[in-house]
Amino acid sequence: MSEGWASLPLLPLRSILDHLSTKDALATLSTCRHWRSAILLYEGRKDTLKLRVKQLDESLFVTQVFRKHTTKLHVYIDSLGESLDEFMNYVLPQFLDSQKLQELVFIGPSYSTQCSNSPVAKINRIIAESLIFKNMHCLQKLTLLGCEMGTVKNENGRYTHKNVEYYSRPLSFNTMPSPKDTVLSRCNASLMTFSTLRQIVLDYDRLSTDTLETLSELSEVSQLTLNIGLRRPLALPTVDWSRAHKKLRVGLNIISASRKVFNEVLEKVFVTELPLYSLKVMFCKSLYADVIYRTVRLYPATLRELVWADAPSDSADMFSRIIKQSREAEDMVMCNVNPLVLLCWQCSHLQRLVIHGYWVWQYDLMGFVRLRDTLRELQVSAVYYKQSRFSSAVCSDNVVRVLAADDHKPLDEEYVRQVNESANFTWTPVSWEDMHAALLPRALATDRTDYVLLEANRPF
């Protein structure tokens, strides 16, 4: 390193560190003594920390440097058993010194590997709830994906760390498992009456009516995001939504699910009492019109956003791109109606519509913005002009998949101008080069995980 860089003053050096990722900031420690001192004096002002259970030593060091000013903590549980116990006992208690933790995310093995057969991670309840309780004045989002709070065996877990012992004093824990304590212990809910926690994200199979009643005691919780698909329970639970408080909004994410899972969702999840505000279907390799029809029929006054996203199909069979639809008897009146057009027509408060992996006719897209003036975001990555290109789909409600071999020509500027004249927002066509890596052909499991987390943690 040149003499000029080695003697760079701390103020401009701090400005450089602001633009580095956590990994790059750690790399500067081995650059020179001056830069190493700057990192330590800098106190790691990084908003987001992503830690992995397998990398215990690195996680310990990163936590010591960056914990005081971290606002978003993401824990990837890529190892179970003793490794997870060590992480929970040595790393997580250090964040009890944090000043403004706003987002706490735990990501289990089933999401990291995109495999439904992965085991469920058990989180140390005493440490996790102590961290939530300590930050209840600033914590706004809690996410539990592919994992769950473990059962407290005895009180010895309070004494693993001095911070845990101090902040867990007001808390009490049951030693017997109960549906009431799935997310947070019911006996501690009264202590968090004035917490700032607004959004909770978890797997649908962890939900029950008792769990819903516990969450209803947290007055500020207004958004509940539920994921279905990456964990395969024997049966989805039946929930009495009338027991939820009136301001609760529910978002449903269906991920990598089969037709059998969708049938169960239509039967047990899509009920009249469900306050559904957001529906996101990701990487299910098909677009089911009957799901959209049911959504339109049950939730026309509440639905705010619909996301249906898939990567292009790797199939070389051009005829397999047409997805023929089947519908229930009560949906027969909707014959030959594009389900997305029907959605924009009937859902009076729809604000966000995202369609990836499926071709949309240009006049259908124009209909989206003309029928629904409440739209504020519209993402459609594949738009075609000529009606004859997919004639079998245009004359019916069949859906056309995007294939990996397809090409997409830029939209005509005049057409974009006409769409913007009808829209109440500035619409920009989606460029295939700028799309998320998970939406491109032959995407990796890690890319799909990133996209799922991005959508799951998005407020609605």
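Observations
- Alpha-carbon centroid distance for the pair segment 136-151 / segment 192-210, whole angstrom: 8 Å
- Of the beta bridges in the chain, as assigned by DSSP with both residues counted there, near 5 percent are antiparallel.
- Low-density loop positions, chymotrypsin sites (Phe, Trp or Tyr not before Pro), segment 167-270 - DSSP coil, at most 12 other Cβ in 10 Å: PHE194
- Extension reserve of the HIS245-VAL120 stretch, reckoned as 0.36 nm per residue once the Cα distance is removed: 42.1 nm
- Alpha carbon Rg of segment 140-222, scaled by the compact-globule rule 2.2 N^0.38 Å: 1.11
- Karplus-derived 3J(HN,Hα) values for segment 438-443, using 6.51 cos²θ - 1.76 cosθ + 1.60 with θ = phi - 60°, are 5, 9, 9, x, 6, 5 Hz; glycine and proline are entered as x.
- This model, with +1 at the C-beta of Lys and Arg and -1 at the C-beta of Asp and Glu, gives segment 57-225 a dipole about its Cα centre of some 480 debye.
- Two-decimal Rg/Rh across segment 203-286, once Rg and the Kirkwood Rh are taken from alpha-carbon atoms: 0.96
- Taken about its Cα centre, the chain carries a charge dipole of about 660 debye when Lys and Arg each add +1 at the Cβ and Asp and Glu each add -1 at the Cβ.
- Taking a point 7 Å from the Cα of GLU273 along the Cα-to-Cβ direction, the residues of segment 188-208 with backbone N closer than 13 Å to it are 208.
- Relative contact order, percent, segment 131-200 [alpha-carbon distance under 8 Å, six or more residues apart]: 55 percent
- Relative contact order of segment 57-225: 20 percent, from C-alpha pairs under 8 Å at least 6 residues apart in sequence.
- Treating r as the C-beta distance of HIS34 and LYS409 and R0 as 45 Å, the FRET efficiency rounds to 0.25.
- Set LYS46/LYS122; LYS246/LYS285; LYS260/LYS280; LYS141/LYS280; LYS260/LYS386 screened for pairs whose C-alpha atoms are more than 23 Å apart: LYS46/LYS122; LYS246/LYS285; LYS260/LYS386
- Sequentially through segment 450-460, phi angles give Karplus couplings (6.51, -1.76, 1.60; θ = phi - 60°) of 4, 5, 4, 5, 4, 6, 5, 8, 6, x, 10 Hz, Gly and Pro residues having no value and appearing as x.
- Three principal axis lengths of segment 57-225 [C-alpha, angstrom, descending]: 41, 37, 30
- Note, ³J(HN,Hα) from phi for segment 165-177, Karplus 6.51, -1.76, 1.60, rounded to Hz, x at Gly and Pro: 4, 6, 7, 8, 4, x, 8, 10, 9, 7, 8, 10, x
- Relative to the current alpha-carbon distance between ASP85 and TYR385, full extension at 0.36 nm per residue lengthens the span by 102.3 nm.
- Exposure rule at most 16 other beta-carbon atoms within 10 Å, DSSP loop trypsin sites (Lys or Arg not before Pro): the chain longest free segment: 387-441
- Measuring spread by the Cα atoms of the chain yields a radius of gyration and Dmax of 24.4, 78 Å.
- Residues of the chain were split at every exposed loop site, defined as GluC sites (Glu not before Pro) in a DSSP loop with at most 16 other C-beta atoms within 10 angstrom, and the longest piece left, sites excluded, is 44-216.
- If the segment from LEU60 to SER422 were pulled out straight at 0.36 nm per residue, it would be longer than the present Cα-Cα gap by 124.9 nm.
Read the figures in this text as sums done on the coordinates, not as results from a lab. Nothing here was measured: the structure is a model prediction, and the numbers come from that model. Glycine also receives a Cβ, built like all others from the backbone with ideal geometry; neighbour counts cover every protein chain displayed.
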